[in-house]
Every structure is written in C-alpha cells, then in structure tokens.
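Asks: The structure is given below, and queries will be raised subsequently.
The values are calculated or read from the model by the stated rules, or taken from the named source; none is laboratory data. Computed from a predicted structure; not experimentally measured. Don't worry about glycine lacking a Cβ; one is built from the backbone with ideal geometry, like all the others, and counts go over all protein chains shown.
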Amino acid sequence: MKISIYVDDGHPLDWKVLDLLKKYHLQDLAVFYIAPQNSEREVMSVDEIKRLSEEVEIGGHTLTHPRLTRLSRKEQVFEVKTGKDVLERIIGRSLRSFACPRGWFNPQVKEVVKECGFQEMRTMKQGPTSLDGYDSFEIPVSIHFHKKDRVDLVRSVFEKLIEARSGGYFGITMHSWEIEEMDLWDELDKVFAGISNEKQRYEDTLSGN
C-alpha cells in the first residue's frame, strides 16, 4: 500500500504540521510542496526551506503559485522550471515530485511538468483508493483535509484498503494556513493518530496478526 501525506504552499505554519507528523512517526510519508515566491501567501524563508528539506521530501509547486491553466506555454515553463531551479539550489538536490497549484492542470501542463524534469505530478482529483488507471503525472488524492469529521473518513478509506488487501493507495492533502484559519489543529492531530493506527492495522491484517 502507498500512503502519502501532502502539504502544499510552503507557509511557515507547515512546521506545525511537521511536528504532528513526527509525533506519530509519519514524516517519511510526507511531501511538502513549496512555491518559493508565493504571491498569495506568506512563505517560509530560504533557511527554513533548507532545514525543512532535512526532515521531509520537498516538491515543486511553481515559483509564484499561479493557475497554470490560465498561462501560456512559455509562462508555464517559466513557473515550473524556475520554481524547481530555485528550490534545488536551496536544498542542494533534485526534486522528484510536482503539485499543481489548486490542482488545476491540462494535457499541456502535464507535458511541461515532464519536460522540466519531474518524475510525477500530483493533482487534486479525489476519491480513489487505488492508483490503477492513473499515470504518474495525474496522481489523485483520497482526502482533502479542510474541515472536521475527517477521522471517520480516514477509517472508511482504510476499511476499503484492508478489504482489498494489497495494491491500495491513500493520499491526504492539506494547507497549514487553512488549518489555522479554520482552527483544525486538534482535528489534524486526531487524523494523524488515525492514519498511524489504521496503517498498523492494515499491516497486521496482511501479516495475519
């Protein structure tokens, strides 16, 4: 089973998400997507990005966080490639994964992301518990964490994964600034606790324990 936890935008509050991930030993499952010159939200400093990269995987998220589908191809290339180059200079290694701002993409965006050297692209398409039928440049998510009552939803997704027994996928995406605005930190703690518990239950089921 593939479990992925996605944190978008590079806001300074992402550190608070990381603290909760580490509390439940989930940080190895996380990718933090950063737009280093985000024009819409505060973004962490160069030093913070570098320190964050020592804890979790960093992914590309354009340079300024525009809606790529509204840009010309030349503008798309600039946003995707420049954002990638800036982050790679900061963290000192290549980026593997890219996430589209707001999840907006089209065939041209996919081609640009490939040409810029990424190995995968995550979208905001929701619902599946399997990556069957999805190519690596159209990765969906299972849950967007942006409101309460997500704990039961996490459990229901894992029930399907346990029933399937193998080959499943669970992906959850979030924005730390949105969690702050909606006062969802306690809920996120419960969600991460649930993911940790359900992950262990899934592993125990497969091993016959």
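Asks: Please go through the range 15-37 and pick out each residue that is more than 15 Å from the chain's Cα centre (by Cα) and either at pLDDT below 95 or among the aromatic types (Phe, Trp, Tyr) (or both).
Replies: Tyr24
Asks: While we're on this one: Filter the range 180-209 down to residues that are surrounded by 11 or more Cβ atoms within 10 Å (Cβ to Cβ), more than 18 Å from Val157 (Cβ to Cβ) and either at pLDDT below 80 or of a type in the set (S, T, N, Q) (or both), then give me how many there are.
Replies: Residues in the range 180-209 being surrounded by 11 or more Cβ atoms within 10 Å (Cβ to Cβ), more than 18 Å from Val157 (Cβ to Cβ) and either at pLDDT below 80 or of a type in the set (S, T, N, Q) (or both): 0 in total.
Asks: Here's something else I'd like to know. Is it true that Phe98 is in a loop (DSSP other than H, G, I, E, B), more than 21 Å from Gly168 (Cα to Cα) and of a type outside the set (D, E, K, R)? Walk me through it before giving the result.
Replies: Values: in a loop (DSSP other than H, G, I, E, B): no; more than 21 Å from Gly168 (Cα to Cα): yes; of a type outside the set (D, E, K, R): yes.
No; evaluated as a whole, the condition is false for this residue.
Asks: Going by what's in this entry, would Glu55 be described as closer than 26 Å to Gln200 by Cβ, out of contact with any Ser or Thr (no Cβ under 9 Å at 6 or more places or on another chain), surrounded by fewer than 18 Cβ atoms within 10 Å (Cβ to Cβ) and not aromatic (Phe, Trp, Tyr)?
Replies: Criteria met by Glu55.
Asks: Working carefully through the options Thr64, Thr123, find the one that is surrounded by fewer than 18 Cβ atoms within 10 Å (Cβ to Cβ), among the β-branched types (Val, Ile, Thr) and not in a helix (DSSP H, G or I).
Replies: On the way: Thr123 fails: surrounded by fewer than 18 Cβ atoms within 10 Å (Cβ to Cβ).
Testing whether each residue is surrounded by fewer than 18 Cβ atoms within 10 Å (Cβ to Cβ), among the β-branched types (Val, Ile, Thr) and not in a helix (DSSP H, G or I) leaves just Thr64.
Asks: Now, a different point. Is it the case that Thr173 is closer than 18 Å to Leu26 by Cα, in contact with a strand residue (DSSP E or B) (Cβ under 8 Å, 6 or more places away or on another chain), surrounded by 15 or more Cβ atoms within 10 Å (Cβ to Cβ) and not basic (Lys, Arg)?
Replies: Details: closer than 18 Å to Leu26 by Cα: yes; in contact with a strand residue (DSSP E or B) (Cβ under 8 Å, 6 or more places away or on another chain): yes; surrounded by 15 or more Cβ atoms within 10 Å (Cβ to Cβ): yes; not basic (Lys, Arg): yes.
So Thr173 fits the description; yes.
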